[in-house]
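A quick write-up on the structure given underneath.
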Amino acid sequence: MGRNKLSKGKFNYINMDRRNRNYMYKNFYKSISHGTNFSGSNFNFASLRAAKFTVCSFYKANFYWTEFIGTNIKRSNFESAYFENVTFNSVSFERVNFENAIFKNVKFLNVGLKGVKNFRIEDHDITILNDMPNIVVNQTLNDLIDDLRKNDYIRRSKVLHLKKNRINTLNISILLEYFTDEELIIGLKLAGEKLNKNFSTVSYLIKFIQKEI
């Protein structure tokens, strides 16, 4: 069965059976799914930015380096799902079920945990942030990140840049977990020169830099 084409080019699934599917690397930007069964599906390296997944089942689904940014997952079931290196940013967990879900190195930023089911923070490897982390970025790196706005693919990805000329300190802090300042400067310079395709996740940038330096 094909996907419901509510809007051209987007992944929209309404009341469908999508069990055991592979959505690896997919960009679900502003897609709409409701009442759909995604049990056992693979969402590794996917971007769920501004997507709606309401009243959906993600039983035993896998989320590795997945980004939930402004995602609506109200009343969805993530029982026994696996999350690793995942970011939840500005997500509401109203009536979301996390029974027996596993979280490893997961970051929660500006999230509302009211109404979440079967979830205890202390049982998981989770970092909770109320705002973007306040990190000190050296001037050379800071200037380079600002200059990278000239690359349309990097700017549109929103991985490094926020509105009002701010930088995404959450993703910068993640990058600095993998690279020294010097490595990151070299890698981002190469990204500015070579990146010529759309991307949407910090994991993509990490892989690019690891390959180039």
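FYI, it's all coordinate maths here, none of it is from the lab. Model, not experiment: these values are computed from the prediction. Cβ coordinates were reconstructed from backbone atoms using ideal geometry, including for glycine residues, and neighbour counts include every protein chain displayed.
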Expected sort for 195, 129 with the fewest Cβ neighbours (10 Å cutoff) up front is 129, 195
Cα gyration tensor of the stretch 139-212 diagonalised, 5x eigenvalues square-rooted, in angstrom largest first, produces semi-axes 15, 14, 12
Here the relative contact order (percent) of the chain, from C-alpha pairs under 8 Å and at least 6 apart, is 11 percent
Proxy exposure order for 111, 202 (fewest C-beta within 10 Å first) is 111, 202
At the level of C-alpha centres, the distance separating the stretch 170-201 and the stretch 25-39, in angstrom, is 28 Å
Of the listed links 30/164; 74/117; 10/30; 74/163; 30/74, those spanning more than 18 angstrom between alpha carbons are 30/164; 74/163
Rounded to the nearest whole number, the Stokes-Einstein translational diffusion coefficient of the stretch 1-130 at 10 °C and 1.306 mPa s (Kirkwood radius, C-alpha pairs) in µm²/s is 111 µm²/s
Expected max-MSF residue from 32, 167, 135 in the GNM of the chain (alpha carbon, under 10 Å) is 135
Once residue 82 and residue 113 are pulled to full extension, the length gained, defined as 0.36 nm per residue separation minus their Cα-Cα distance, is 9.3 nm
Which of 52/114; 150/207; 26/104; 104/207; 104/150 exceed 28 Å between C-alpha atoms? The answer is 104/150
At q = 0.26 Å⁻¹, the log10 of I(q)/I(0) for the stretch 76-131 from a Debye sum over equal Cα scatterers comes to -1.20
